[in-house]
1. So residue 109 fits all but one of (1) assigned to a helix (DSSP H, G or I); (2) in contact with a helix residue (DSSP H, G or I) (Cβ under 8 Å, 6 or more places away or on another chain); (3) within 16 Å of the ligand (Cβ to nearest atom); what number is the exception?
2. Any residue in the range 86-104 that is under 22 Å from residue 36 (Cβ atoms), surrounded by fewer than 15 Cβ atoms within 10 Å (Cβ to Cβ), in contact (Cβ under 8 Å) with a residue 60 or more places away in the chain and in the same structural domain as residue 43 (by TED's automatic domain parsing)?
3. I'm checking my understanding of the structure. Among residues of the range 115-132 that are farther than 20 Å from residue 71 by Cβ and either part of a helix (DSSP H, G or I) or in contact with a strand residue (DSSP E or B) (Cβ under 7 Å, 6 or more places away or on another chain) (or both), which one is farthest from the ligand (Cβ to nearest atom)?
4. Just to confirm my filter: which strands (runs of 3 or more DSSP E) fall fully inside the range 1-78 and include at least 2 residues that are touching a residue at least 24 places away in the same chain (Cβ under 8 Å)?
5. Residue 174 versus (1) free of Cβ contacts under 8 Å to residues at least 12 places away in the same chain; (2) over 19 Å from the mean Cα position of the chain (by Cα); (3) within 26 Å of residue 216 (Cβ to Cβ): which is the lone unmet condition?
6. If you take just the helices (runs of 4 or more DSSP H) that sit entirely in the range 139-206, which of them hold at least 3 residues that are at pLDDT below 95 and surrounded by 10 or more Cβ atoms within 10 Å (Cβ to Cβ)?
7. Just need a number here: residues in the range 133-171 that are within 16 Å of the ligand (Cβ to nearest atom), under 22 Å from residue 18 (Cβ atoms) and more than 15 Å from the chain's Cα centre (by Cα).
8. Go through the range 12-58 and count every residue that is touching a strand residue (DSSP E or B) at 6+ places or on another chain (Cβ under 9 Å) and surrounded by fewer than 13 Cβ atoms within 10 Å (Cβ to Cβ).
Ligand code: ADE
């Protein structure tokens, strides 16, 4: 899989890809992540990528020209399954959507900023809009990092034990069961006996029951 992220603030999004699981996934060549500085595709002086909104109003709007140039440049090298625009107006991201996106080969993720992007980009270049929640961020960068993280960790080989992505919360519309590590007794706070029993079937049953219970208590709408 290749993920190309277009942003006018590259430094804002570099860090999540430089550590831990996302870095190892790239080191193992399981995914390529390229971050593109929109200002490198500016067509005006001073690497300008935004301008005032027609009709007035506060806030700058990202211009179509640099975005179109960048997307066309990328498309001249490979085909993309999706051009995703991160936006609070988009489809709400959930595990099901992430699972589907993890099957794609190449995707572009476009980060908005300021007041938004010229509507013509959305009409003519963007194939899908995704929101990470019903709240507004200052820009699409953090949202793009969230999306890329949730997709990359699903790629085969990224997690050392492949089943661990399958046992994530939400994979079966259930919340994950509680987990514990040593010590078995911390000042009287004890780990449930069943987890110390070594009896795999009982442990599986207990975990499933805990998942159901937690989902009922915390996220009952997932069971509907
Ligand atoms: N950009 C600003 N807010 C956002 C959100 N909630 N989801 C995705 N992109 C965004």
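1. Only one criterion in (1) assigned to a helix (DSSP H, G or I); (2) in contact with a helix residue (DSSP H, G or I) (Cβ under 8 Å, 6 or more places away or on another chain); (3) within 16 Å of the ligand (Cβ to nearest atom) is unmet by residue 109, namely (1).
2. Checked the range 86-104: no residue is under 22 Å from residue 36 (Cβ atoms), surrounded by fewer than 15 Cβ atoms within 10 Å (Cβ to Cβ), in contact (Cβ under 8 Å) with a residue 60 or more places away in the chain and in the same structural domain as residue 43 (by TED's automatic domain parsing).
3. Only one residue fits best here, namely 115.
4. 2-7, 32-37, 60-62
5. (1)
6. Hits in the range 139-206: 163-166.
7. 1
8. Count: 5.
The values are calculated or read from the model by the stated rules, or taken from the named source; none is laboratory data. The shown structure was predicted, so the numbers you read here are calculated from the model rather than taken from an experiment. For neighbour counting, all protein chains shown are included, and Cβ atoms are generated from backbone atoms with ideal geometry for every residue, glycine included.
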